[in-house]
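What follows is one structure encoded as structure tokens, with my remarks underneath.
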């Protein structure tokens, strides 16, 4: 932090002494400053801000607009890495010296900006804020996307894991990256977490002449080198709006479950059949929002149906077989479901996931069921499908409920008559009931 001498902007100006006015800038654009911002600069005894903002301001003062305004000299306060120290110096000048300070900041200074630090040392009645569009608003505008449903997280001064956790649960997110957590570090963490995205965009130096907005894959984000002070926009599976007939079909969607097996790309025997799936979905008692795991997902039929029925759910499908995991991702895309697919063997693959509200266990046996119950959130529900009676009984002991689902599907005979073809029975266990706690297998 250093004091210097620069040229001011516009002669004269008003305002009372001791006032701190924070002016937001969009990139390097000073020519379209609001009249209120120009008056604050004109009447300032000190101009404060980061080195980039002060350089932008000085260059504008020396431009034709500044010369036409007959600029005058004022002192400056440069902001370093210590935001609180900078705020104290601004407050000292404003309060103790009764000076008028104009603080230059990026975008909307009240949005993850310097206003928070200033309010710790400057009375709110002595503070004025003249914002520009925030970097997040500009980023979504450049991508031609609405963002009233987006979650915004800053990586400045907080663990990267916090940002990953937010992105994991959000359909649409914007992450403000930092020198110690650049976009590529965020990308590597998201890849390691096994997430998929419909859209990834890095938005850098917004509003500047060298503005750069690039849509990339998650792998490209992780492998690239990007401006550390960027906005990374992430839209998860199923988060992009659709056009045409697909959009109309989604709006007219009826409440039904048990999608026919032939709607899924699957290996024979590696799918929870429609009738069993319908029972399992009923026992899951899906909430409107929360986290759902489909463990041992196979072709992902349960995960996909859950994602379609309750778009507010964050759905994770975990499958050890890479081919089946790829089929799950393809099925989710084809049927318009938002599903994060993780290739890995449970229970180890479950460790990085957020705790679930609902879990369907289609494979992995009792060790997976026990691991799931340890992680289940209060009031949660687990449904397990088993083909072996001994495993079903053990699952029922843990969950409290069990039913056998026996299905005979009709098929036509050569003479046009009908016959019933019995399917292998499946046991469905579910629980715990709200009034009971999961059984601890360790005693």
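Before moving on, here are some points about what is shown:
- Matching residues, segment 334-346, being more than 12 Å from residue 319 (Cβ to Cβ) and buried (at least 16 other Cβ atoms within 10 Å of the Cβ): 335, 336, 337, 338
- Test for residue 385: is it surrounded by 13 or more Cβ atoms within 10 Å (Cβ to Cβ), at pLDDT 90 or above, in the same structural domain as residue 290 (by TED's automatic domain parsing) and not in a strand (DSSP E or B): no
- Identity of the residue in segment 395-423, surrounded by 10 or more Cβ atoms within 10 Å (Cβ to Cβ) and part of a loop (DSSP other than H, G, I, E, B), that ends up modelled with the highest pLDDT: 400
- Some residue of segment 97-104 being out of contact with any helix residue (DSSP H, G or I) (no Cβ under 6 Å at 6 or more places or on another chain) and surrounded by fewer than 21 Cβ atoms within 10 Å (Cβ to Cβ): yes
- Subset of segment 288-319 [touching a strand residue (DSSP E or B) at 6+ places or on another chain (Cβ under 7 Å), surrounded by fewer than 22 Cβ atoms within 10 Å (Cβ to Cβ) and farther than 15 Å from residue 353 by Cβ]: 289
- Of all residues in segment 198-232 being in a helix (DSSP H, G or I) and under 16 Å from the mean Cα position of the chain (by Cα), the one that is surrounded by the fewest Cβ atoms within 10 Å (Cβ to Cβ): 218
- Selection status of residue 188, at pLDDT below 90 and in a helix (DSSP H, G or I): no
- Contacts under 9 angstrom Cβ, first residue in segment 263-280 being not assigned by TED's automatic domain parsing to the domain that holds residue 336 and buried (at least 20 other Cβ atoms within 10 Å of the Cβ), partner outside any helix (DSSP H, G or I) and modelled with pLDDT of 80 or more, 6 or more apart: none
- Taken over segment 303-333, residues that are touching a helix residue (DSSP H, G or I) at 6+ places or on another chain (Cβ under 8 Å) and under 26 Å from residue 149 (Cβ atoms) amount to 14.
- Qualifying residue in segment 313-320 (condition: part of a loop (DSSP other than H, G, I, E, B) and modelled with pLDDT of 90 or more): yes
- Test: residue in segment 321-330 that is within 14 Å of residue 432 (Cβ to Cβ) and either at pLDDT 90 or above or in the same structural domain as residue 292 (by TED's automatic domain parsing) (or both): no
- Selection over segment 71-90 of residues that are outside any strand (DSSP E or B) and touching a strand residue (DSSP E or B) at 6+ places or on another chain (Cβ under 8 Å) gives a count of 5.
- Scanning segment 322-373 for residues that are part of a loop (DSSP other than H, G, I, E, B) and without any contact (Cβ under 8 Å) to a residue 24 or more places away in the chain returns a single hit, 351.
- Residue that is modelled with the lowest pLDDT [pool: residues in segment 434-443 that are loosely packed, with under 14 Cβ neighbours inside 10 Å and touching a helix residue (DSSP H, G or I) at 6+ places or on another chain (Cβ under 9 Å)]: 442
- Any hit, segment 347-361, residues being more than 22 Å from residue 164 (Cβ to Cβ), surrounded by 17 or more Cβ atoms within 10 Å (Cβ to Cβ) and in the same structural domain as residue 273 (by TED's automatic domain parsing): yes
- Count - residues of segment 146-186 that are touching a strand residue (DSSP E or B) at 6+ places or on another chain (Cβ under 8 Å) and more than 19 Å from residue 307 (Cβ to Cβ): 20
- Being in a loop (DSSP other than H, G, I, E, B), more than 23 Å from the chain's Cα centre (by Cα) and assigned by TED's automatic domain parsing to the domain that holds residue 315 is a property that holds for residue 378.
- Condition check for residue 87: touching a residue at least 40 places away in the same chain (Cβ under 8 Å), assigned by TED's automatic domain parsing to the domain that holds residue 33, under 12 Å from residue 20 (Cβ atoms) and buried (at least 19 other Cβ atoms within 10 Å of the Cβ): no
The values are calculated or read from the model by the stated rules, or taken from the named source; none is laboratory data. Since the model is a prediction, treat every value here as computed from it, not as a measurement. Glycine gets a Cβ as well: all are built from the backbone with ideal geometry, and neighbour counts include every protein chain shown.
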